[in-house]
Amino acid sequence: MSAASCLRSEDQFLCSICLDVFTDPVTTSCGHNFCKNCITEHWNVNVPCHCPMCKKDFNIRPELHVNTFISEMVSQFRQEAQQKASSSSSEQQAAKPGEVPCDVCTGTKLKALKSCLVCLTSYCETHLEPHLTASRLKRHQLMDPVENLEDRMCVKHDKPLELFCKTDQTCVCMLCSVLDHKTHEFVPLKEEYEGKKAELGKTEAEIQQMIQKRQLKIQEIKESVDLSKEDADREKAEGVQVFTALKESVERSLNELIETIEEKQRTTEKQAEDFIKELEQEISELMKRSSEVKQFSHSEDHLHLLQNFPSLKAAPPTKDWTEVSVRPPSYEGTVVKAVTQLEETLSKEMKKLFEAELKRVQQYAVDVTLDPDTADPYLILSDDEEQEDHSDVEEILPNNRERFFAPRPPHLPPSCFPIVHPFGPRHY
């Protein structure tokens, strides 16, 4: 008999009690075949004895004899099925770690293709074939392969868990429903599965909504960080610009101060040089007259001395240097004046900076007031960007000025009270 013919008629070799291929097949007097062990246990439990197929009662337990023909056919079927399994096992993959192995394979366990909830067995492609071709096994419920199929059996009654007890919220078998859970409410597992699946669908939708909200929050935070970075970059650029201007102003004032002091020093040195030159010239004239006087004073020529005495006695014309002096220049107030001018420059730059910052903050506040719940009627700008006071809009828009401006003391000018900046308070 070929393997194909065996497969076409294999339902003839299945025991109606265990739904598996016959083991030691025996025939009852009514002509039905069973596994010897299956029918023996059945008759041990059910008294009087009857045939599980036709329900015929036997007053005396029939003597069982092995059906030699069916036994040989079953043996041949098993051999051909094993050969086919061996030939196809080379084409199928062995079960890897984490995959469900076939419970029927001997030796190398092949990867299970399906699990039977009735047989509580996982089958590879070869051993699954009877469940796809045999009429009795086609009624079994198949599912994707899972491990620990014994967990799907009632530990108390050793029956499949087929019902769901809504009272105790647990899976039970048919015997549980008439014994331990007799007064409870039951539904089929599939019905409860559909309900729970629908609930999980709602839960999944809620989770996805939560994920979307958090993704939006992440985007919002990133946008805030980007705005903060833009503000920081702008502040740094303005700071560099302002402090560069201040540095240049300080250097310019220092250079002017040094130039003024050095100019005074040069004037003093020039005056001193002129005095020294004039004094040296007079000294030269006096030394010349002194030499002449000395020469004539040692002369023995009486006439010559007397003739030149009047011109020698008179001193050469010189300047009265008694009141002449070089006074060091006064530097008093020079540094103070330079610092004062620098303070004026700094004050002008600070005023420009404050005006620009105030204008930017006011513009930000106006942008925020686009929300009618936070509108401030005092922060509406005209086309020329001048602040206007539209008191007539107070009836329409709530006065939430405190959202942008904190109360200021009455003795301080408007430019001194704190302004709420979008990235932190700043005081001007």
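Structural remarks
- Of residues in segment 24-50 being in a loop (DSSP other than H, G, I, E, B) and either touching a residue at least 24 places away in the same chain (Cβ under 8 Å) or not assigned by TED's automatic domain parsing to the domain that holds PHE77 (or both), the one surrounded by the fewest Cβ atoms within 10 Å (Cβ to Cβ): SER29
- Top-ranked residue in segment 141-163 [being of a type outside the set (D, E, K, R) and closer than 20 Å to LEU113 by Cα; ranked as surrounded by the most Cβ atoms within 10 Å (Cβ to Cβ)]: PRO145
- Scanning segment 318-351 for residues that are β-branched (Val, Ile, Thr) and more than 28 Å from LYS247 (Cα to Cα) gives THR318, THR322, VAL324, VAL326.
- Among the residues listed as LYS182, LYS138, LYS166, the single one being surrounded by fewer than 13 Cβ atoms within 10 Å (Cβ to Cβ) and more than 30 Å from LEU110 (Cα to Cα): LYS182
- Qualifying residue in segment 225-239 (condition: outside any loop (DSSP other than H, G, I, E, B) and closer than 30 Å to ALA95 by Cα): no
- Scan of segment 323-355 for residues that are touching a residue at least 12 places away in the same chain (Cβ under 8 Å) and either within 27 Å of ARG234 (Cβ to Cβ) or of a type in the set (Phe, Trp, Tyr) (or both), ordered by number: TYR331, LEU342, THR345, LEU346, GLU349, LEU353, PHE354
- Check on LYS96, modelled with pLDDT under 85, closer than 26 Å to VAL146 by Cα, charged (D, E, K, R) and assigned to a helix (DSSP H, G or I): no
- Only one of LEU312, LEU257 that is surrounded by 11 or more Cβ atoms within 10 Å (Cβ to Cβ), under 30 Å from LYS352 (Cα atoms) and not β-branched (Val, Ile, Thr): LEU257
- Unmet requirement for LYS109, which otherwise passes all of (1) touching a Cys at 6+ places or on another chain (Cβ under 7 Å); (2) at pLDDT below 80: (2)
- When segment 105-115 is filtered for residues that are touching a strand residue (DSSP E or B) at 6+ places or on another chain (Cβ under 6 Å) and within 25 Å of GLU162 (Cα to Cα), the ones remaining, listed by number, are ALA112, LYS114, SER115.
- Residue match in segment 335-352 (condition: outside any helix (DSSP H, G or I) and of a type in the set (Ser, Thr, Tyr)): no
Quick grid of which residues meet (1) modelled with pLDDT of 90 or more; (2) surrounded by 12 or more Cβ atoms within 10 Å (Cβ to Cβ); (3) outside the structural domain of GLU357 (by TED's automatic domain parsing):
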| site | (1), (2), (3) |
| --- | --- |
| LYS217 | yes, no, yes |
| LYS222 | yes, no, yes |
| GLU251 | no, no, yes |
| LYS277 | yes, no, yes |
| ARG289 | no, yes, yes |
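The values are calculated or read from the model by the stated rules, or taken from the named source; none is laboratory data. Everything numeric in this text was worked out from a predicted model, so none of it was measured. Positions of Cβ are backbone-derived with ideal geometry, glycine not excepted, and every protein chain shown enters the neighbour counts.
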